Amino acid sequence: MTKIINIALDGPSGSGKSTVAKILSQKLNILYLDTGAMYRATAVKALKLGVAVDDAQGVKSFIDDIDLQIKYVDGAQRTFLDGEDVSEKIREPHVSMAASDISRLKCVRLKMVDMQRKIASSMSCVLDGRDIGSFVLPNADYKFFVTASVKERTDRRYKELVEKGHNVDYNALMQEIEQRDYNDRNRDFAPLKQADDAVVIDTSTMSVDEVVSAIMLRIKD
Ligand code: DC
């Protein structure tokens, strides 16, 4: 049997993790698991049920039985909630903040982390998230912490949203990114954190290709 390889790619919103993780997974021919999509789908479930994302009791009442599935269609991850493909819906701007809020709840994290560990133990994958190297997979074969300045991350997200046809206020977006960073770094349980043994890559002045090459060099070592 070939050895299962797990690559942890953590970092704040808009650092370029998902773009890099997708390319890496294709180059290495392994799965890409976008763990943020799982928290986003959980937020969509709460919004659908009318449960406030900070209502621990309300969220507890559905989290254990949540019908959340990650499937791969033509190599791309699709996220299904209650049998419905919510891959586009989870990217809507209002879901971003709701996902950050709901991900603070311990019951949510325990459920998601359990699902992520099961997937990672059954196949080689690149996982992008916030706590993969520090909490979900402390023994991952490779750990990277990908970051960039708030301005650079706002520029990237702004461009992406405008290209998708969203009407966005640049300053409000920057504030939202800062607020999400704060939430993600300061939650009590398994916060956004650079693992001690992670390789830090500041992508502020790097192209996607340069980031991918920097990571591939380490993986080939
Ligand atoms: O990576 P993203 O922007 O799609 O993630 C959405 C939110 O989910 C993010 O604000 C924090 C949370 N998240 C998390 O807490 N842990 C992860 N491993 C991935 C995402």
For TYR32, residues with placed amide H under 5 Å, excluding near neighbours: VAL126
So for each of 17-26, 180-189 I average, over its residues, the number of other beta carbons within 10 Å; can you give me the resulting order with the highest mean first? 17-26, 180-189
Output ³J(HN,Hα) for the range 106-121: one whole-Hz value per residue in order, computed from phi by the Karplus curve 6.51 cos²θ - 1.76 cosθ + 1.60 with θ = phi - 60°, and x for Gly and Pro. 4, 4, 5, 5, 4, 5, 5, 5, 4, 5, 5, 5, 4, 4, 5, 7
Considering only protein heavy atoms, with the full assembly of protein chains and a 1.4 angstrom probe, order LYS45, LYS164, LYS89 by accessible area, largest first. LYS164, LYS89, LYS45
Distance in nm between label sites at ILE4 and ASP65, each 7 Å beyond Cα in the beta-carbon direction? 2.9 nm
Once the piece of chain linking LYS48 and LYS193 is laid out straight, how much longer is it, given 0.36 nm per residue of separation minus the C-alpha distance between them? 49.2 nm
Karplus 3J(HN,Hα) series, Hz, for the range 40-54 with 6.51 cos²θ - 1.76 cosθ + 1.60 (x for Gly, Pro): 5, 5, 5, 5, 4, 4, 4, 4, 5, 7, x, 9, 5, 5, 10
Mean-square fluctuation maximum in Gaussian network of the chain, Cα pairs under 10 Å, restricted to VAL86, VAL168, VAL200, hits VAL168
Pick from ASP128, ASP196, ASP85: which is most flexible by mean-square fluctuation in a GNM of the chain where alpha carbon atoms under 10 Å apart are linked? ASP196
Working out 0.36 nm times the residue gap between ASP114 and VAL150, then minus their Cα-Cα distance, what length gain in nm do you get to one decimal? 9.9 nm
Per DSSP H run of n ≥ 4, the term is -39500 (n - 2.57); total these for the chain, divide by its residue number, and report the mean residue ellipticity at 222 nm rounded to 500 deg cm²/dmol. -15500 deg cm²/dmol
Sorted largest first, extent of the chain alpha carbons per principal axis (Å): 49, 45, 35
Among LEU31, LEU49, LEU68, the residue with the largest mean-square fluctuation in a Gaussian network model of the chain built from Cα contacts under 10 Å is LEU49
With charges set only on the Cβ (+1 for Lys and Arg, -1 for Asp and Glu), what does the dipole of the range 70-124 come to about its Cα centre, in debye to the nearest 20? 380 debye
Which value, in Å² rounded to 10, gives the accessible area of LEU110 with a 1.4 Å probe and all protein chains present? 90 Å²
Calculate the dipole size of the chain relative to its Cα centre from +1 charges on Lys and Arg beta carbons and -1 charges on Asp and Glu beta carbons; express the result in debye to the nearest 20. 340 debye
Note down, for the range 38-134, the three equivalent ellipsoid semi-axes (square root of 5 times each alpha carbon gyration tensor eigenvalue), biggest first, whole angstrom. 21, 16, 13
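The values are calculated or read from the model by the stated rules, or taken from the named source; none is laboratory data. This is a predicted model, so every value here is computed, not measured. Backbone-built Cβ (ideal geometry, glycine too); neighbour counts: all protein chains shown. Side chains are part of the model used for accessible areas, which takes the heavy atoms of the whole protein and leaves out ligands, DNA and RNA. Shrake-Rupley method; radii C 1.70, N 1.55, O 1.52, S 1.80 Å.
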